[in-house]
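Here's the structure, in structure tokens; my notes come after.
Please treat every number below as a calculation from the coordinates, not as lab data. As the structure is a computational prediction, the values presented were derived from the model and not from experiment. As a convention, Cβ positions derive from the backbone with ideal geometry for all residues, glycine included, and neighbour counts pool all protein chains shown.
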Amino acid sequence: MPKRRPRGTGHLYRPKTGGREQAVWWLAYHAGGKLVRESAHTTVKTDAEKLLRARTAAVDKGEIADAASLRTTIADLAALVKTDYKNNDRRSGREVARSFVRLSEHFGASFLARKIDDAAVERYKAARLAVGARNGTINLELAQLRRGLRLAVRQKKGTTLPTFSLLRPGRPRAGFLEPGQFAAILARLSVDLQPLATFMYWTGWRDGEVKGLEWRMVDRRAGVIRIEGSKNDEPRTIPYAALPALRDVIDSQWERTKAIERKTGQIIAPVFHRNGRPIRAFLGAWHSACAKAGLSGRIPHDCRRSAARNMTRAGIPQSVAMAIGGWKTASVFKRYAIVDEKLIAENLTKLDALKF
């Protein structure tokens, strides 16, 4: 007679179909006062027993509240993260959506979260790298997946939290725009987009931040821009009038905005706009201008890198440059403020002043 399993440890069985016993083992155990049955997805009894011990141990630790926690999917993880971002007023909701679109394309929206282990994550990395995704992009996607799994475990909607690793960050992009190159691109942008691009080039702001800048944030009398929240959740104060290029942009946009308001009677909130309407699309116009200027392949984010380098060249302290452009950590700023050959040459000439 087979030895009876201790109470509370569950049991294994193989269901019968048409009077015949199936080859795959199933688990049966109690969680939250209810009987849970699930396939072990193996015909090897020792492997099924190992999984059963892991499940009952998770029940004892309170990690499995009921059978529903075993049915949590990738789509459920996405919903958990989106809700968490909304509740905490985080500003990267679009990044969450993009990440889970990629995760769902690979795993499937109905893929069970409990099946995500180190091996599954490694397969995901390989698949994304194979289609040319950058290491940083893949790491962002995996970070969102990890956040979803943590939230699921915390809310008793998940059972496991695999300790998978991220990829090594790839070499930072080194795209810069010299003033002459930027001027060539600027000249080929529409009149509506030129002020926005100019502001990006001198401040290092992301295009989304610039498009979101509103007149209520601009104190023209003091010549200061005050932002209470941004992508990195840090308030910023920018005395824009100290730089003539920025002062001219803001002043000209103010005059242009007021002229449109007087003509149409509308109230225009954004500083940068298309004849009073918010600027939505920018990338297509940028790429077109770059191609016409003979600078194909340049991206708007090159303005952010150029601003970091220009500030470094000008001798602006790192902490001040970070405050202007909104870089939250020194390590992130350094990935933008890449030291190029020209900057090294400029500083090497200073050695000539030393007489030995």
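Couple of notes before you dig in:
- Extending 7 Å from Cα along the Cβ direction at Arg14 and again at Ala259 yields two label points whose distance is 8.4 nm.
- Taking a point 7 Å from the Cα of Arg134 along the Cα-to-Cβ direction, the residues of segment 283-306 with backbone N closer than 18 Å to it are 283-284, 286-287, 296-306.
- Normalised by 2.2 N^0.38 Å, where N counts its residues, the alpha-carbon radius of gyration of segment 11-69 equals 1.16.
- Candidates per GluC sites (Glu not before Pro) in segment 176-236, loop by DSSP, up to 14 other Cβ within 10 Å: Glu228
- Cα coordinate range in segment 179-349, projected on the principal axes (Å, largest first): 57, 37, 26
- Net lengthening on full extension, Asp89/Lys292 (0.36 nm per residue, minus Cα-Cα): 69.0 nm
- Overall form of segment 240-321 per C-alpha gyration tensor (a/c, 1.5; a/b vs b/c): oblate
- In this structure, the residue pairs whose Cα-Cα separation is over 31 Å, taken from Lys263/Lys328; Lys34/Lys86; Lys50/Lys157, are Lys263/Lys328; Lys34/Lys86.
- Compared with the alpha-carbon gap, the fully stretched path from Gln22 to Thr46 is longer by 7.0 nm at 0.36 nm per residue.
- Radius of gyration and Dmax over the Cα atoms of segment 74-154, both given in Å: 12.1, 36
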